[in-house]
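These notes concern the structure reproduced below.
The values are calculated or read from the model by the stated rules, or taken from the named source; none is laboratory data. Since the structure is predicted, the reported quantities are computational estimates derived from the model, not experimental observations. No Cβ is skipped: glycine too gets one built from the backbone with ideal geometry, and neighbour counts run over all protein chains shown. Just the protein is used for accessible areas: all its heavy atoms, side chains included, with ligands, DNA and RNA removed. Shrake-Rupley method; radii C 1.70, N 1.55, O 1.52, S 1.80 Å.
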Amino acid sequence: MSQAGLLSVKQVIGVRSSVTNGLAFQDEQTVVYIAGGNIVLYGIDQKAQRVIPCSINAQALTTMTVSPNRRVIAIAERINDRPQVTIYDLQSGKRRKTLQSELIKSNEIVSLLFSSDSKYLLTQGGAPDYTLIYWSWEKGKVMAHIDVKPPTGPQANATVNQVSFNPQDNTQICTIGHGLFKMFRYAESALKPSQNLKQEHFNFTCHCWISDDRLLAGTDQGKLFVIQNGEILHEIKIDSKAEPRSVTSHHTSDERLGLVDSSMDINISTDHSIKSEIKCIIPFSRGVLVAAGVNKVYMYDRVDDNREYFRRNREILLPIDLNDKSNNERVVSMCLSPSEETLVALTDHQQIYQLSFSGIDITKDVATFSYLTEGYHHAQVTGVDTCVRKQLIATCGVDRSVRLWNYETGTLEVCKEFQEEAYTVSIHPSGLFILVGFSDKLKLFTILIDDLRPFKEFSIRGCREALFSNGGHLFAAVHGNVIQIYSTVTFENITNLKGHNGKVRQLIWSPDDTRLFSCGMDGAVYEWEVATSKRLHEAVLKACGYTGLGLSADSKTVFAVGTDRKIKEIVDAQQILREIQVIPDDVQPTTIALSHTGKSLLVGTSKGTVRSYKFPLTKSDEYTEYIGHVGMINREREKNKQQSRDHEETKRQIEEDADEEILKLMQTHEQALIECKDENANLRNKSTTFQRKVKDLEESIKKKDTDLASLKNEESKLQNAIRGLKKDIEGLKKEIQERDETIQDKEKRIYELKRKNQELEKFKFVLDYKIKELKKQIEPREIEIKEMKEQITNMEAELERLSKSNDEEKLKNEELRTKLNASALALQQEKQLKRDSELALKRIKTDIHNCSALITEPKLLTQRVAEIYAQYVRDDATEEATIDQDITKEYARQRDHLERTVRSLKGKVDKDSDRHKMENIRIMQENVTLIKEINDLRRELKTSRVKLQDLQTAMGISRKTAARTTEEIVQALNTHQNNHLVQEKQTELENLIHRQRSEIQRLNEQIANIESSVGRTGTAAGGGGRSRPSSGQLPPITSALTAH
């Protein structure tokens, strides 16, 4: 087949609620449902679709199911009036398996379900035999089968509508239906009946498993039954207030199981029970969800004190549709997300709703669904049109609504409900207007943001075909067999095109809007010239009723399909150039269109498929077929021919009578109409003048308002700028004042510094002399510090040796304590053994004393003595062996403990030795540093003495006059003792002397502490029977001094 003109599904608008169990989750954010002949995977967050097409030849889709592992989906199809199950991979979209069996005599499968491990599949056939087949679907193998409904007996008229696996046991199966409830067990490659309902028969509609052996089943009368082992344990009506009543009274209170309801009245009428038919039940971790009645879903939670007991928690309502006056929407299918966070429901009005449990108000007993997808049509779609300049599609349907969709996003833009059915729609190229045909009139609406507002009405009854021109300035509408052309500017009927003798099925404008093409059920294809109302060309074939028309880009070639099942290529709308037969014979073409690229010809068929033929047409089998709908495309337009002729004839007669009456009315009121037109013209002129004046005034007012707003904004900006500049000026003034004050302070400071500098120069000599005297006082104290540090070093070495000795003594003490503990434990065990032995001896004595009563019966006495022997001798041996073994284990455990203790203590001793070595090294380094500083001070002192001698020589001071000079210096010091610089220097020197004295005192205290600790350590060591270790050699400090 040709690959030209490949198509792909962009958006699917709608859903099929007729497919049972037609809703499931693939993952937390993806919902799976059926739309037309496709499987749609809808992303909740992304609002995006992924489409998997079903079988091309499928006549119908009846049911579906998704595997528990959420990897595959099974679809039950009807192909060539035979049932078939097709399994698709949800990730790749590829077909995994096709299951067919001659065992099923029915033409459909009513129920499907995967086992909990996703390895097996149940298929329940329909009437008349209702064959149940147990599949190993991956192998395509039938494991077992059975006819559920017997051919005769009380259940001969029963039907089956649902089948299920026990979630905990793949071999247990349940089937329900109207008048039927059966359980089967898979064993020995066969399905064997295990349990039937023992009470009266009910019309069961759905069920689910709530535990390993209990089911919850619903009926068409709004009742729920808890069933176990073929017996109804409890029953409750959905609209009942009362507690559940027991059906089998012989059960104990521990066996009771049921549903507790708390909000409705039990006394309800039969009609109300019918309205409360239970459509769907799904279990979840906290209970069950039940879809019953109109617009409602009930939530039941498990009671805490009994996990098998339920109590109604709340009602979940469908949102109120203001456009739907019937208010009879019912939920037909539900599913929960894997995390049980989101509930999704499908209704019989083709709508999908969602509810997030996290958003429920727990204080209220009622919650409300919200739309998962935009509101779809409730019934069949009868008309569709697309907009040229906007991404809009217009649709109308039997549900009396007109809807506008955005075909890029798939969202609903506008929805409008009417009192009667809309037959056709046509949207203006600008997307601002839309034509809608009704039974009595053709109406033009203005498209607003969220509504359609009536703009103009035309007296065209039962208009089923209407089409705007490509430019939008004209539109054509079919009125019976006549095509009427109107102007969208003046809304006047420009011309009428008459010629068709049958129903006109399709209209097409040429690209330049000068010509109009039409086809009808009378077998005619006409080309009209709009300006002259003339029929330029025609191609008439009475044997064929045309249903669809297509036009090439140059308007020279017309493509038509009709009831003869042929695609006709007509040149200049008069000569049939080529005919292609549509195959196979059961396929009827219904509509046709040529792609904009001109590479493919698109044909809609009666099977709901779209065929893309290679263009230009060559062979009848050169096409690619795509699944779209299940059923005829534009099926609403396929009526019975005889009924159509009668209807057309009646309509023609009514139109003729209406035309005559219209002519009479026109003649009667022609003059009045002319006067009204003149008056209207004058009023229009006046209105135009006033409108212009008003418009000019409004423009001037807007302009002044704009200028005033701009001036106010400019004024506010200038005011802000002025305030900012004032703040800057004040800040600069303050800064200048602060700088002037700073300059004055600095000038005063400079003067004072100069004066102080002069004083410092005067007393420099005096201070230098006093420094030298102080250094002479420091030198003997430094020698004393050195001697004390050496003494500290010796004492620390002695302390280290004493610490090692103490550690060894501690190790010995620990060993002795461990031995003492072991001995105490052994003594305790021996005492326990003694007590046990005395107790055993006492029991033996008691048993021997008791035997003395049997001394007259030797046999019993012998037997009793043997029992006593066997009891105590064996027990003693075992006990002795056990005790010996326990002693051995305890000895081994104590030995291991002591070895580990010794190893840890050795490691600790090694670490302490390393730490003391590092400490000694650090002390040596500090001593070396101190010695270096002392040597530096000695060199400085020597240098100062040399300088002093040089200074005395330069000043002429000899040893003889030194005393007098000294007295003079002291007198000078006393003279200038009030000078603050001299006092500061003197204070600094006194502080230095004070710090040196404090350091000497601290070292003396440290030496005393070390001596006292060494004395205590030595005493402790002598008390332990060991002598004080001899003093070792101190570190070679002299060598360090020599090195420096």
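Give the shape of region 79-122 as rounded, prolate or oblate, defined through the alpha-carbon gyration tensor: a ≥ b ≥ c are the square roots of its eigenvalues, a/c under 1.5 means rounded, and otherwise the shape is prolate if a/b is larger than b/c and oblate if not.
Here region 79-122 falls in the oblate category.
A simple count of charges around Gly140, restricted to other residues whose Cβ falls under 12 Å of its Cβ and scoring Lys, Arg +1 and Asp, Glu -1, yields +3. For the peptides 808-816, 752-760, 526-534, the ranking by mean Cβ contacts within 10 Å, running from highest to lowest, is 526-534, 808-816, 752-760.
Would you work out the charge dipole size for region 379-498 about its Cα centre, treating the Cβ of every Lys and Arg as +1 and the Cβ of every Asp and Glu as -1, and quote it to the nearest 20 debye?
Values: 12 positive and 13 negative charges, 59 e Å.
About 280 debye.
Each peptide in 992-1004, 100-112 receives the mean, over its residues, of other Cβ atoms within 10 Å, and ordering these scores from highest gives 100-112, 992-1004.
Each peptide in 84-92, 173-181, 689-697 was scored by the mean count of other Cβ atoms within 10 Å over its residues; highest first, the order is 173-181, 84-92, 689-697.
Computed extension gain for Leu663 through Asp728, at 0.36 nm per residue and net of the alpha carbon distance, reaches 14.4 nm. Cross-link check: pairs Lys566/Lys599; Lys441/Lys542; Lys804/Lys917; Lys10/Lys390; Lys182/Lys296; Lys819/Lys906 evaluated at a Cα-Cα cut-off of 22 Å; pairs beyond the cut-off: Lys441/Lys542; Lys182/Lys296. Rolling a 1.4 Å probe over the protein heavy atoms leaves Leu432 with an accessible area of roughly 80 Å². Each of Glu670 and Ile1000 was given a label point 7 Å from its Cα along the Cα-to-Cβ line. The distance between the two points is 14.8 nm.
Remark: region 379-498 carries 42 Å² of accessible area per residue (probe radius 1.4 Å; ligands, DNA and RNA excluded). For Cys387, the accessible area of its heavy atoms, probed at 1.4 Å with every protein chain present, is near 10 square angstrom. Count Lys and Arg as plus one, Asp and Glu as minus one, and take only other residues whose Cβ is under 14 Å from that of Gln168; the net charge is then -2.
Electrostatic bookkeeping for Lys776 treats Lys and Arg as +1 and Asp and Glu as -1; over the other residues with beta carbon under 14 Å from its beta carbon, the sum is +3. Heavy-atom accessible surface of region 705-829, averaged per residue, reaches 78 Å², computed with a 1.4 Å probe. Straight-line reach from Lys772: taking Cα to Cα under 16 Å and skipping same-chain neighbours fewer than 8 places apart, the lysines in range are Lys764, Lys942, Lys947, Lys985.
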